[in-house]
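Below you'll find the structure, written out as structure tokens, and then a few comments.
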């Protein structure tokens, strides 16, 4: 197995053992205040979020009708605070709808505690966009949030104006092998899910501390990843992880005509730039409109590891969307 796929297998192991992809603590006092505001209780959340049970929404920014609407979806186990630093920069100019999936990072599990998760979340996102009268919003998704964004665009193409996908693939099995299928990865995914569910709390917490360095180079980001993973509902997390791993959106990619920008990380530990480029180019080959941008010197949490480059990419994406 070449260095690229070995590295990505290690990343997937880290995802499983450290509850995969989680959120950030603020990197300064002002960012901490922003994160607390974003993660506030339903008393401070948008009234429009009340009917929705698969996720909660915090709305920030200019009044309705004044600015471009932007949905931000965090990844597996993450809170909406993963976007807190970026949100502080965007709030003056954009109306942000910061999503947090029920069961992740301390959010009550609600109906996500039983049965399928990803499909119902996508349908509730569709209902949220319709009921709040959002007209072709930009959608930003990290990791699992990126897969959910792609699923939304495939199922409801009129809902989404543009997509920014942050280190997500249409089929995560590709990190095991370029020829992987759902049938090939499901047994291993089920074993990983069962292991997550079986671990005692202290063992699970120790695993986070040990493995999280593969997800974020930022020390502050690592602390946040550990904290939010431990705070997640273990059943929701483990089941969503398995759905994430065994969802193959590749057959529907060509039907997505929405403008798409994909950010993906590279560091020397991931293999050569050419190998990493090839993985993402191949994954999104069915979407000729997709613009792929490599962010160097970063792990999975680009917003932690390269915040300046991340902001520039987000700003450029939203500038193009708003024109």
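Bear in mind that the values in this text are calculations on the coordinates, not laboratory data. None of the values given here were measured: they were computed from a predicted structure. Neighbour counts run over all protein chains shown; Cβ positions are idealised from the backbone, glycine included.
The table below gives the values:
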quantity	calculated
Distance in nm between pseudo-label sites at residue 131 and residue 179 (7 Å out along the Cβ direction from Cα)	4.8
Equivalent ellipsoid semi-axes - Cα gyration tensor, segment 55-204, angstrom	29, 18, 14
Among 300-313, 134-147, the order from most to least packed when residues are scored by Cβ within 10 Å on average	134-147, 300-313
